[in-house]
Each structure stands twice: as C-alpha cells, then as structure tokens.
Amino acid sequence: VIAQVVVDTCAEFGFIVSLSAGKTEAIIVRQGTAKGLREWIELTKDQGIPFVSRHYGDMILRTVSKYKHLGGMLEAVGSMLPEIVMSTGSAESRSLQGARKVFKCRHMHGSTRLQLSDATVLSRLRYNAQTWSGLTVTQMRRWSTAYLRYIRQAKNTSSTPVRHISDDEVLVRAARPSAVEFLRAERLRYAWRVQRTAPPVLKAMIAEATQW
C-alpha cells in the first residue's frame, strides 16, 4: 500500500519512481535472533513486494537485505557495522590523499592542518553518526580508532620509539573530545533538530529509544 501511494503520488506530480536495482528498494525488518533473521532475509530477498499502480499497472518493489544511500548503509538486521566500515574506509581514503602534501607539511600550522582535516576527513567519518543510537564494543572500537587516527595525523602526533604519546594527550593537544563524547554530542544535536522540526511520528520514535 505504501509503495502504491508513493509511486502514484509522484506520478501525479510528473515524477517517475524508478524501481530498478539500486534505486527504490525496500528493507523488511523483523525481530528475532541474528541467525534466524539472516536465513529469513536470504529466503525472501528475491521475491519482492507486488502492488498495483493506478498509472502503471502491476509493479514489483524489490526487497534487499542492505541498501546504500550516498554515504550511508542500512541493514535489515540493524547492525551499524557496514556503515561504520564504509565511513571509516572513505575517511581513510581521503586521509591518504592529503597525507603527503597537507598533513605532513612542516610549514603549515597545526591548527590549520586540523581544520583541513575536519573538512575533508572528519566530514566523511561523521556521516550519519548522529543516527547511531547504540554501538557494540567492536563497532565503537573501530570508529574510535579511525577518529583518533585522523587527529594524530592532522596534529602530527604519532608515537615514536623514543616517546609514546597517549590518546588522552593527543585529544588535549588538539582540543578535541573523546570519541564517545563526540558521538554523544552528534546525537544530542540531532535530537534537538528532531524536536524542533520533525513530524510527530519521528518524535515518538526518538522518545521510545532509551539510548537517547
């Protein structure tokens, strides 16, 4: 029913909703054990959701277990790991591009390097981070490692055989919060925007999420 309403409403305004692979697709989320969910997704991923459009007749909305949109990744089992892997990989790629000319430049002030790193690396690392209501220990460790790596590179504070520079010292030098504090601030900023501008149904979902 929802797919029919979306397709027909867009058609009435002159827009055609593409239902081809990688375009408009659906993720069906069920509760249960991770193993049971993956088995159910594997059995149903190629079936699709049939519906009848007033303008186009019989149509099928593809169902998938993962959906990539811009820099984000949605997964039916609710894991944040695929999106974290994508964001950290994208940030690492951009970091390597500027490592020699920017981040290791001795003639550039440390604060300037950090600002450039915020714009190029952190912008990718933080993509969709405000929507991560809860992370496992493994997921948090992976994101935190990438977060500290970007700060160390921008401030040129990597440890050497002569002297070890702790993570806390790196954060103090860069005047940056810890990874946990950073993500909490991102979620609070997002929650504030939701309370100010979101529709009632989204406000209700946020209110029910104990992680917030």
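The values are calculated or read from the model by the stated rules, or taken from the named source; none is laboratory data. No experiment lies behind these values; they were computed from the predicted model shown. Every residue, glycine among them, receives a Cβ derived from its backbone with ideal geometry; neighbour counts consider all protein chains shown. Just so you know, the surface numbers come from the protein's heavy atoms only, side chains and all, with ligands and any DNA or RNA stripped out. Shrake-Rupley method; radii C 1.70, N 1.55, O 1.52, S 1.80 Å.
Which pairs do you get when a residue that is more than 15 Å from Met86 (Cβ to Cβ) and without any contact (Cβ under 8 Å) to a residue 60 or more places away in the chain, found in segment 121-142, comes within reach of a residue that is assigned to a helix (DSSP H, G or I) and open to solvent by 20 Å² or more (accessible area, probe 1.4 Å), reach meaning Cβ atoms under 9 angstrom, with the pair 6+ apart or on two chains?
From segment 121-142, the pairs are Thr136/Leu81; Thr138/Leu81; Met140/Val180.
Considering only segment 157-194, state which residues are of a type in the set (S, T, N, Q) and either open to solvent by 40 Å² or more (accessible area, probe 1.4 Å) or modelled with pLDDT under 85 (or both).
Answer for segment 157-194, where residues must be of a type in the set (S, T, N, Q) and either open to solvent by 40 Å² or more (accessible area, probe 1.4 Å) or modelled with pLDDT under 85 (or both): Thr157, Ser158, Ser159, Thr160, Ser166.
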